[in-house]
Amino acid sequence: MNKPTLVNLLDELRQTQEAFLAILNQANEEALYHRPAPDSWTLAEALVHIAEARRFFADETRKILAAPGAEVGRTVEDPHRLQNIEDHGRDTLADIHQAMIASHEVVMQALSGISDDDLQLKAEHVRLGPQTLAEVIQRFLVGHDRMHVEQATALLAGEARSE
C-alpha cells in the first residue's frame, strides 16, 4: 500500500462529505429518527456522532502537530462522545446538515498547511499505541467517515446496523 499523501486524504474526506450531504438531501424526518433495531443508532444519531468525532479528531491532529508524541484518542465509552449523541440525536434536519458542513470545514482547516512530511509525526493513541499522524487521519477521520457513510446509507434504506 502506498503511503497516504495529504492530497489523497483530503480528496477522500471531500468524497465522504459529498456522500453525507447526499444522504441528508434524501432524508426526511421519519428516516432521520427511525431506529430500525433496539441496538441500532438512528440516522440522526450517526450523523451527530460524525460531526462531533470530526471536531474531536481535528483537535487531536492539532495536538500532534503542536507536540509530536502526544497522547491522543479516546475509547468508545468516552462520556463526551456518548453525551453528544444524547444531546443532539433529536436535532432538526437543518441543524444536522449545518453541523455536518461545519465539522467538515473544521477538519479541512485543521489539515490545511500540513505537509506530507508532517504526516510522519508520531503520536501515542490511548488504545492502539504508536501511530503516525497519517494513520490517525486515515483511521479516525477518513476511515471513520467511510464506515459511517455505509451505516448512514443503510439507515436511510431502513436497514438495522448496530454501532
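How much length would be gained if the chain were fully extended between Q98 and R62, taking 0.36 nm per residue of separation minus their Cα-Cα distance, in nm to one decimal?
Extra length from Q98 to R62 when fully extended: 10.7 nm.
Sequence-distant or interchain residues sharing an amide H contact under 5 Å with V72, placed H: which?
It is E124, H125, V126, by chain and number.
Go through segment 81-89 residue by residue and turn each phi into a ³J(HN,Hα) via Karplus (6.51, -1.76, 1.60, θ = phi - 60°); whole Hz please, and just put x for glycine and proline.
4, 5, 5, 4, 5, 5, 6, 10, x
Relative to the longest principal axis of the C-alpha atoms of the chain, give the angle of the C-alpha long axis of helix 43-66, reported between 0 and 90° and rounded to the nearest 10°.
That works out to roughly 10 degrees.
Two decimals, Cα atoms only, Kirkwood Rh: what is Rg/Rh over segment 6-156?
For segment 6-156, the value is 0.98.
Arranged from highest to lowest average of other beta-carbon atoms within 10 Å per residue, in what order do the peptides 71-79, 27-35, 132-140 appear?
The most tightly packed comes first, giving 132-140, 27-35, 71-79.
Using a simple spin-label model with points 7 Å from Cα along the Cα→Cβ vector, what separation in nm is obtained for V7 and E86?
4.6
With axes computed from alpha carbons, what is the tilt in degrees of helix 6-26 against the longest principal axis of the chain, rounded to the nearest 10 within 0 to 90?
It is inclined by approximately 10 degrees.
Work out the FRET efficiency for E124 and Y33 from their Cβ-Cβ distance, taking R0 = 25 Å, and round it to the nearest 0.05.
Working from the Cβ atoms, E equals 0.05.
Under the rule of -39500 (n - 2.57) per DSSP H run of 4 or more residues, summed and divided by the residues of the chain, what mean residue ellipticity at 222 nm is obtained, to the nearest 500 deg cm²/dmol?
Roughly -19000 deg cm²/dmol at 222 nm, from the helical runs in the chain.
What is the distance in Å between the Cα centres of segment 1-65 and segment 113-163?
Computed from Cα coordinates, the inter-centre distance equals 9 Å.
Take every Cα pair under 8 Å in the chain that's 6+ residues apart, average their separations, divide by the length, and report that relative contact order as a whole percent.
39
Readers should treat all values here as calculations from the given coordinates under stated rules, not as data from a laboratory. Everything numeric here is computed off the predicted structure, so don't read it as measured data. Please note: Cβ atoms are built from the backbone with ideal geometry, for glycine as well, and neighbour counts cover all protein chains shown.
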